[in-house]
Amino acid sequence: MRALCIATLCIFLAAPCLAQTADTDPATKDDVILYLRTMHSHDMVQRLMQVQSQAVQQLMHDRLANEKDPPPDSDARMKKLMSELYKDLPVDDLVQAMIPAYQQHFTHGDIVAMNDFYSSAVGQKVLEELPAVTQQGMQNMMPIMNKYLDQWKERMQQELKGVGKAPPKSQPDSPAQN
């Protein structure tokens, strides 16, 4: 009788584990859609595009400022071009296009765990603060990017000076001296 009670208790306690899907089960389209909703992915893409637009505008402003005679309305033109680029961006289509990638790289269990995290207070704070963190990070990276681009531009100019010229001939080995 005691063994029967223990066996019944073990089956009762194990039933929820048996009902769960294995961590190797692939994520379904519905799993990913729920995750993308939890992430507020549509809004996130729009905010990140806004941050990226501002960073690109700043980078282009800095680049043009180093030119000899930048056009006087270059900032306004760049702002207008960037606005037009992102204005009609098909964000919903971009988000939908991500679903197969999530399905390929994450299991059902992974998506459930990510949903659990991003549904939590900390997860929601991450989602709320991420655009500001990204923007601040981009601003902090600008001096590094500008320095790198200046060095790259110099290398390219040096490389292009040699275009069309024959490479230097190598000297034949001198005979061995005794």
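The values are calculated or read from the model by the stated rules, or taken from the named source; none is laboratory data. What you see is a predicted model; the values in this text were computed from it and never measured. Cβ atoms come from the backbone with ideal geometry, glycine included; neighbour counts cover every protein chain shown.
Structure notes:
- Condition met for residue 56 (of a type in the set (Val, Ile, Thr) and over 27 Å from residue 146 (Cβ atoms)): no
- If you filter the range 31-79 down to residues that are among the basic types (Lys, Arg) and closer than 26 Å to residue 111 by Cβ, you find that the one that is surrounded by the most Cβ atoms within 10 Å (Cβ to Cβ) is 47.
- Residues in the range 17-35 that are at pLDDT 90 or above and part of a helix (DSSP H, G or I): 7 in all.
- In the range 132-150, the residues that are free of Cβ contacts under 8 Å to residues at least 12 places away in the same chain and farther than 19 Å from residue 49 by Cα: 143, 144, 147, 148
- Count of residues meeting criterion [over 20 Å from residue 123 (Cα atoms) and either hydroxyl-bearing (Ser, Thr, Tyr) or in contact (Cβ under 8 Å) with a residue 40 or more places away in the chain (or both)] in the range 22-40: 8
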